[in-house]
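No lab work stands behind these numbers, since they all come straight from the coordinates. From a predicted model like this one, the values you see are computed outputs, not experimental measurements. Here the Cβ positions follow ideal geometry from the backbone for every residue, glycine too, while neighbour counts run over all protein chains shown.
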Amino acid sequence: MFVFPYGTVLDLTQAPYLLAPDPGYRFVGWVDSEGNPLTTVTITNDLEIFAVFEPVKCNLTLQSDVNGSVQAPLLRIYDHGTTVELSSFTTIPNSGFKLDHWENETGKTLAGNFVIHDDCTIKAVFEPTSFNLTVMTDGNGSVDSSLPGSYPRDSAVTLYAHLTFPESGSEFSGFVDENGDPVDSVLMNGNRQVTATFMIEQAVLCLFLQDEGGIMTYSYPLGTMVDLSQFNGGNEGYQFTGFVDENGDPVDSVLMNADRDITGTCTQANYLLSLLAYPGGSISGDSTRWYPAGTIVNLSQIEVTTLGGYMFQGFVNENGDSLESVIMNSNRQATAVFDEDETEAIPTLNEWGMLCLAMILMLLSINAIGSNKSRLRH
């Protein structure tokens, strides 16, 4: 309540008569008790005037993406703080599309209703109701025409092998997706592409190596001629002797017109031990002897004959190193070593005594013969 002198003229469009509104409202002006707008008043008696406030008006602009539209009007006006119901707007999707969601200017999805506080724009976003599946081929083959086409959104399409048709000499090897990953089904959460891959039909060559050998498998395009000489058979200590086919017939190559089973035959390898002897003795028995691969030969079991005046010292290898045994992992050589026996070259005391006695006896015999001849002359 204000008190003014009689006859005062008040300009209500100027401060302090411009009032600050609450948030979401604006000051409209003053009216008298009958609601008539006032801009100035002259104080001639007691007077009652009223401040008028109204909600702020917010403009809502409606937009849509290219896959549909929104029914007019596209500009809607709401009081500040009004709850806007998105379901109240009529959307018109294009053929093959449906409304997916509404979003604001920043792209944030609006869920259900929202409260409007300022001018803003919202957009209707439409999504396809189906997506296209494109099917490509890689190699010599084709795909049934029923597989590519349009499928409902989020449906799973099974990629059946019976829908593929490899050409002669080729075989279907599977489907791969856009990233090259193997797939047997595809989720239609967008337009998708798969590729049916075909490869030259393969035949498997199985090589079995007998007698400590192993099994090896190889794949070759159908019709390939395989040269078997490239394969080495047998483990260490075994000798590869050749290949035979499924009928037992010797082969050195094989035609891969189907899966083939080829056997490589191996025999255990034998190695030669050559026994030599330095002067002073000899080897008893054979000087060359064969042993299976891996055999450990104990040389103490080799009989050696020693000549008079020599002693057997043992065996040495090819490098002159002393040997007690030899492993037959290759052809080997062992040589018997002999040294002179010095105990026979120098006579013992007993032997010297016997020699002296023999010489005395010989001298006595000579003297006795001389005495007998003298008597005969007399």
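Brief remarks on what is shown
- In the chain, helical runs assigned H by DSSP with n ≥ 4 each contribute -39500 (n - 2.57); averaged across all residues and rounded to the nearest 500, the mean residue ellipticity at 222 nm is -3000 deg cm²/dmol.
- Think of the chain as a dipole: +1 on every Lys or Arg Cβ, -1 on every Asp or Glu Cβ, centred on the Cα centre; then among PRO292, GLN239, VAL337, VAL337 lies furthest on the positive end.
- Restricting attention to the chain, the count of lysine pairs at 8 or more positions apart or across chains with alpha carbons under 27 Å apart stands at 5.
- Shape call, region 129-232: gyration tensor on alpha carbons, a/c limit 1.5: prolate
- Efficiency of FRET from Cβ geometry, ASP261 and ASN132, R₀ 30 Å, rounded to 0.05: 0.05
- C-alpha long axis of helix 349-377 to longest principal axis of the chain, angle in °: 20 degrees
- Residue-wise HN-Hα couplings along region 122-134, as the Karplus relation 6.51 cos²θ - 1.76 cosθ + 1.60 with θ = phi - 60° gives them from phi, are 10, 10, 8, 10, 10, 10, x, 8, 8, 10, 9, 9, 9 Hz; Gly and Pro carry x.
- Between region 137-213 and region 279-307, the alpha-carbon center distance in angstrom: 68 Å
- Förster radius 45 Å - calculated FRET efficiency between VAL9 and LEU75 (Cβ-Cβ, nearest 0.05): 0.60
- Placing +1 on the Cβ of every Lys and Arg and -1 on the Cβ of every Asp and Glu, with nothing else charged, gives the chain a dipole about its Cα centre of roughly 1360 debye.
- Hypothetical label at GLN239: residues of region 264-286 whose amide nitrogen lies under 11 Å (7 Å Cα-Cβ projection): 267-272
- Within region 70-209, the ratio Rg/Rh, alpha carbon atoms throughout and Rh by Kirkwood, equals 1.29.
- Among SER219, SER282, SER170: highest mean-square fluctuation, GNM of the chain, C-alpha pairs under 10 Å: SER282
- Here's how it looks for PHE338: its modeled amide H is under 5 Å from those of TYR278, GLN313, which are all 5 or more places away or on a different chain.
- Here is the list for region 91-133: trypsin sites (Lys or Arg not before Pro) lying in DSSP coil, each with at most 14 other C-beta atoms within 10 angstrom of its C-beta, are LYS108.
- Cut-off under 5 Å, modelled amide H: who pairs with GLN333 long-range: SER274, GLU318
- A full extension of the chain between SER185 and SER274 corresponds to an added length of 24.9 nm, given 0.36 nm per residue minus the alpha carbon distance.
- A value for Cα extents along the principal axes in Å was derived from the coordinates, and within the list (i) 220, 70, 20; (ii) 66, 51, 48; (iii) 74, 53, 50 it appears as (i).
- Considering only LEU159, MET311, GLN14, the residue lying farthest towards the positive end of the dipole of the chain is MET311, judged by Cα position with unit charges set on Cβ.
- Charging the Cβ of each Asp and Glu at -1 and of each Lys and Arg at +1, and nothing else, the dipole of region 130-200 about its Cα centre rounds to 220 debye.
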